[in-house]
1. Could you work out the local net charge near Y203, counting Lys and Arg as +1, Asp and Glu as -1, over the other residues with Cβ closer than 10 Å to its Cβ?
2. Report, please, the projected area of the chain averaged over directions, based on the convex hull of its C-alpha atoms, in nm².
3. Which sequence of W187, W97, W24 reflects their accessible areas, 1.4 Å probe, from the largest down?
4. Expressed as a whole number of Å, what is the distance separating the alpha-carbon centroids of segment 41-103 and segment 130-168?
5. Work through the residues other than A128 whose Cβ is under 11 Å from its Cβ and net out their charges, Lys, Arg +1 and Asp, Glu -1.
6. Quick one: accessible area per residue over the chain, 1.4 Å probe, rounded to a whole number of Å²?
7. Kindly provide the helix-only [θ] at 222 nm of the chain, computed as the sum of -39,500 (n - 2.57) over DSSP H runs of four or more divided by all residues, to the nearest 500 deg cm²/dmol?
8. Calculate what fraction, in whole %, of the accessible area of segment 3-207 sits on carbon and sulfur atoms when a 1.4 Å probe is rolled over the protein chains.
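The values are calculated or read from the model by the stated rules, or taken from the named source; none is laboratory data. Note that the structure is a prediction, hence the values are computed from the model and not measured. Every residue, glycine as well, gets a Cβ built from its backbone with ideal geometry; the counts of neighbours run over all protein chains shown. Each accessible area value is taken on the protein alone, full model and side chains, heavy atoms only, with ligands, DNA and RNA left out. Shrake-Rupley method; radii C 1.70, N 1.55, O 1.52, S 1.80 Å.
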Amino acid sequence: MALKDSISKSEAAQYDEQCRQMEWHGHEALFGMMFEYISPGQAILDIGIGTGLMAALFHKAGLEVRGIDASEAMLEICARKGVARELVVRDVSESGWPYRDESFSHLVSCGLFHFLNARNLDVVFGEAHRILKPGGTFGFTAKGIIGGRTEYIDRESGIRIFCMSEAAVEALTTRYRFRVLKKMPYWTFNDAGRTEPAVFYLYVVKKRG
Ligand SMILES: C[S@@+](CC[C@H](N)C(=O)[O-])C[C@H]1O[C@@H](n2cnc3c(N)ncnc32)[C@H](O)[C@@H]1O
């Protein structure tokens with residue numbers, strides 16, 4: 001089952017509250033890591049924008065936010081917050097994102113990559129390089145490997161989850177001509193009961209010329 005097809009209206013409505021209950025602060029940490037590179041008025045694209053948890057922070061900082069997500073239910077909630085200029089319902093793993101070359105100063109993605117396989121990520125990084133201005137930054141999260149598990153089916157949702165080593169993330173960024181500026185591990189849990197530890201790597205990378 002793919003996540004993009006699986007989010008109901010009621011699940012989307014509960015998403016923000018669930019993040020609070022899980023004490024998920026990945027979006028705030030990634031925003032903080034991006035902060036030194038952003039300025040009011042700059043264009044930023046949030047892929048897998050969801051309900052706009054992270055987009056709201058960039059909007060508050062004065063950036064012009066656009067977003068893509070495959071879930072209409074998540075985008076409905078996001079639209080109500082008024083944090084994005086434009087929201088597009090779309091699967092990011094299909095190339096041909098509807099934006100001009102070099103039209104964004106920044107690109108961000110929080111909590112998306114673990115739903116994408118290697119081929120999907122190739123599309124994302126190819127499109128990222130195309131739409132970012134030279135020197136533009138890309139902030140994202142990638143789920144790390146624990147106990148040698150590179151992919152698994154999530155027990156609660158039935159969705160396939162993909163984990164990556166730091167070496168795999170960095171090979172991908174190098175292949176698509178990005179340079180790592182910052183990275184940080186963020187420890188959290190897979191489940192609401194906080195029994196199963198999980199780690200996400202938060203990265204900020206910069207587009208080479
Ligand atoms: C865990 S949520 C994160 C939402 C938001 N970025 C945040 O930080 O709160 C993951 C989001 O990615 C979206 N998503 C998953 N697979 C996708 C795909 N292939 N294309 C576009 N969006 C996708 C989901 O619909 C969901 O809104």
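1. Once positives and negatives cancel, what remains is 0.
2. On the way: hull surface 41.7 nm².
Its Cα hull, projected and averaged over all orientations, spans 10.4 nm².
3. Solvent-accessible surface, decreasing: W187, W24, W97.
4. Rounded to whole Å, the Cα centres lie 19 Å apart.
5. Details: positive: R130, R177, K207; negative: D122, E127.
Every neighbour counted, the sum reads +1.
6. Details: 10050 Å² over 209 residues.
Value for the chain: 48 Å² per residue.
7. Numbers: 6 runs with 62 residues, N = 209.
Dividing the helical sum by the residues of the chain leaves -9000 deg cm²/dmol.
8. On the way: 4830 of 9670 Å².
Accessible surface attributable to carbon and sulfur in segment 3-207 totals 50 percent.
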